[in-house]
Amino acid sequence: MNQEELTRMAAQEQGAQAKYAYHVHVCTGTGCHAMNSEAVAKSLQAETQRAGLKDKVLVKCVGCRGLCALGPMVEIVSTQDGNGCAPHSFLYSHVTPQDAPEVIQSLGREPIQRLYLSTDEPFFTRQLKIVLEDCGKVDPERVEDYVARGGYQALLRVLTEMTPQEVIDEVTRSGLRGRGGAGFPTGLKWATVAKADPNRYRTYQPPDVQSRKFVICNGDEGDPGAFMDRSVMEGDPHRVLEGMAIAGYAVGANQGYIYVRAEYGLAVKRLCTAIRQAQRAGLLGNNILGSAFSFNVDLRLGAGAFVCGEETALIASVEGGRGLPRPRPPYPAEYGLWGCPTLINNVETLANIPPIINRGASWFASIGTEKSKGTKVFALTGQVKHTGLIEVPMGITLREIVFDIGGGIPGGRRFKAVQTGGPSGGCIPEEYLDMPVDFESLAKVGSIMGSGGMIVMDDTTDMVEVARFFMDFCMEESCGKCIPCRAGTAQIHHILTKFQTGQATPRDLKLLEELCDVVKHTSLCGLGQSAPNPVISTLRYFRHEYEAKLRRNGNVG
């Protein structure tokens, strides 16, 4: 495929879709899929045929719309209003296959009130979508639909108008930081890989990987309650592939791997379909869009080990070995997959690349705060009215997320804490609700951005049990390679259990603090180094709950 053919594909698909007066978008992300949304789509298609409206109504399966608890969700888009009004849309929630006749018959009339969901609510109006802008609009299993919405135009631009260094400079100026946890500057990481010598750390390498560089997309999303990357891979897989190809061009890599856990069955299926379609269309493979650049992408399925979210453990798994971390430096940017320089970014980071190239670094840098640019996708869960997937500008406050977008605490309960960053994050109390959400602010209060999990807790929550829950997770997920993590997490969990069973003493409280410090500062990789965070933060802000358990059990003094 060349530039003219890409333009032709987009125009043909846009023309084909413009013929329909109504577009009916059925969410088939994991949440709605679990609630039988595929049956809803089939019923809507059948009813369209029965009503003789197959030339007026397009029923399309799309990705997640965010409000997962209200699925299956269906969006009705009117593209041609007979009264001369502008195109408009509205949402339905809790749609069943039995609702299909009424939905189709109501097209062009007033919405069905019992299904109607107002999009004027803060959940929709307070978000700013960049990564998720096409989720819920594009069919994830049709490359033509993605191209019709401007897909692969960013890749075309870098291949025809920009040098690799110019691409790196654009990403650097945007201020984009890695969305997988630590927030490392993306442009700096790309520049490091681009400059790295593939032969510097020559050990044994298979003949076909000598003097090469690689791009890895980290889709190993293992945090409890997190489903950000999963939703992007399911709902807009071509955006991830386009971001990877642009990254490959920038750093000098011709091979990419997407590492995704095998239990993400729907994401795996749609990624496989997207890769196959992109290859057939000449958007991946040899001489992409008629250029001299070639880039291939393969999937690697993980077995669900949380430690494989760490870069070096992930690399070991991709190579076919056990997912164990290794000491750093050297870092993967210089010594990565099979000893070659390797760029590793997570799904959300790569999904930001096409819009940055299309709209410019200045546009992206104008969003967010001075040091944390752009938006962040969060999985909002726990004791909050509106659970689901949200995307907000950096710098928004926790209060706005929990009480405006999230709708507040259900049942009239009081807010107690919000935990950010998954099992590696900290629990933030009510006094910091007006704190801006960015990398620096979260670090100051003892938490992290992480990949984007956000769990809200009300005043019925036992914070010691919360710490024990996350420590149990980290203990089970520890690879066991280093003693501080292997033994330390088990001992911390044991002490927390003593608090819950009435056996703890003041000495245990002191020992708990000392153990957390040792594990944090002596573990080999990020899993052990961050595992104590939930305990440290609950000791910092909710120490009275630990002390209350000592008093209640008569173990004070």
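Where a number appears in this text, it was derived from the coordinates with a stated rule and is not lab data. This is a predicted model, so every value here is computed, not measured. For neighbour counting, all protein chains shown are included, and Cβ atoms are generated from backbone atoms with ideal geometry for every residue, glycine included.
For a straight C-alpha distance cut-off of 15 angstrom, the aspartates and glutamates reachable from LYS195 (same-chain residues fewer than eight places away being disregarded) are GLU166, ASP169, GLU334. If both residues of a DSSP beta bridge must be in the range 19-125, then about 65% of such bridges are antiparallel. Largest first, the three principal axis extents of the alpha carbons in the range 463-547 are 33, 21, 21 Å in whole numbers.
In the range 151-354, Cα pairs under 8 Å separated by at least six residues give a relative contact order of 30 percent.
Per residue, the average separation of C-alpha pairs within less than 8 Å and at least 6 apart gives the range 463-552 a relative contact order of 39 percent.
Where both residues lie in the chain, what percent of DSSP beta bridges are antiparallel, nearest 5? Walk me through the intermediate numbers first.
Values: 30 of 58 bridges.
If I count the DSSP bridges inside the chain, around 50 percent turn out antiparallel.
Here the Karplus relation 6.51 cos²θ - 1.76 cosθ + 1.60, evaluated at θ = phi - 60°, turns the backbone of the range 108-125 into coupling constants of x, 10, 5, x, 6, 5, 5, 9, 5, 10, 5, 8, 8, 6, x, 3, 8, 6 Hz, with x for every Gly and Pro. For the range 307-318, putting each phi into the Karplus relation 6.51 cos²θ - 1.76 cosθ + 1.60 with θ = phi - 60° gives couplings of 5, 6, x, 6, 4, 6, 5, 4, 4, 4, 5, 4 Hz, in residue order, rounded to whole numbers and with x for Gly and Pro. The distance from the alpha carbon centre of the range 487-502 to that of the range 367-402 is 33 Å, rounded to a whole number.
In a DSSP loop and with at most 16 other Cβ atoms within 10 Å, the GluC sites (Glu not before Pro) in the range 312-409 are GLU319, GLU370. Listed by chain and number, the aspartates and glutamates placed with their C-alpha closer than 20 angstrom to that of LYS549 are ASP458, ASP459, ASP462, GLU465, ASP472, ASP508, GLU513, GLU514; residues fewer than eight positions away on the same chain are left out.
What pairs from LYS376/LYS520; LYS189/LYS213; LYS189/LYS481 go past 20 Å between their alpha carbons? Show your work: numbers first, answer last.
On the way: LYS376/LYS520 26 Å; LYS189/LYS213 13 Å; LYS189/LYS481 27 Å.
Pairs exceeding 20 Å: LYS376/LYS520; LYS189/LYS481.
Look at the Cα gyration tensor of the range 19-125: its axes a ≥ b ≥ c give a/c of at least 1.5 with a/b at or below b/c, and that counts as oblate. Put simply, the amide H of CYS427, placed in the peptide plane, has neighbours under 5 Å in SER537, THR538, leaving out anything fewer than 5 places away on its chain.
Using a cut-off of 21 Å between Cα atoms, the listed pairs LYS129/LYS373; LYS373/LYS444; LYS19/LYS269; LYS416/LYS444 include LYS19/LYS269 as exceeding that distance.
For CYS64, the residues whose modelled amide H falls within less than 5 Å of its own, excluding neighbours fewer than 5 places apart on the same chain, are GLY29, GLY136, GLY235. Modelled this way, with points 7 Å down the Cα-to-C-beta line, the labels at THR501 and ALA365 are 5.7 nm from one another. The charge dipole of the chain, taken about the Cα centre with unit charges on the Cβ atoms of Lys, Arg (+1) and Asp, Glu (-1), comes to about 760 debye, rounded to the nearest 20. Computed from backbone phi, the HN-Hα couplings of the range 335-340 come to 9, x, 5, 6, x, 9 Hz, rounded to whole numbers (Karplus: 6.51 cos²θ - 1.76 cosθ + 1.60, θ = phi - 60°; Gly and Pro given as x).
With n ≥ 4 as the cut-off for DSSP H runs, can you work out [θ] at 222 nm for the chain, using -39500 (n - 2.57) per run divided by the number of residues, rounded to the nearest 500? Display every interim value, and only then the final one.
Working: 23 runs with 225 residues, N = 557.
My calculation for the chain gives -12000 deg cm²/dmol from helical runs alone.
Each of GLY235, LEU550, THR375 was placed along the dipole of the chain (beta-carbon charges, centred on the mean Cα), and the one lying farthest toward the positive end is LEU550. Label point of LEU128 set 7 angstrom out along Cα-Cβ; within the range 410-448, no amide nitrogen lies under 12 Å from it.
Taking only C-alpha pairs under 8 Å that are 6+ residues apart, what is the relative contact order of the chain in percent? Could the numbers behind the result be given before it?
Working: 1181 pairs, mean separation 76.4, N = 557.
That works out to 14 percent.
For Cα extents along the principal axes in Å, the choices are (1) 80, 62, 38; (2) 90, 76, 48; (3) 75, 63, 47; which was calculated from the structure? Matching entry in (1) 80, 62, 38; (2) 90, 76, 48; (3) 75, 63, 47: (1). Maximal additional length on extending the ASN199-GLU513 stretch stands at 108.5 nm, based on 0.36 nm per residue less the C-alpha distance.
Tell me, LEU283, LEU539, LEU398, LEU433 in order of fewest to most beta-carbon neighbours within 10 Å?
Values: LEU283 27, LEU539 20, LEU398 24, LEU433 17.
The fewest-first ordering by Cβ neighbours comes to LEU433, LEU539, LEU398, LEU283.
Distant-in-sequence amide contacts of ASN254, defined by a placed amide H-H separation under 5 Å and a gap of 5 or more residues or a different chain, comprise LYS213.
Which of HIS94, HIS493 comes first, and how do the rest follow, when ranked by fewest Cβ neighbours within 10 Å?
Starting with the residue having the fewest Cβ neighbours, the order is HIS94, HIS493.
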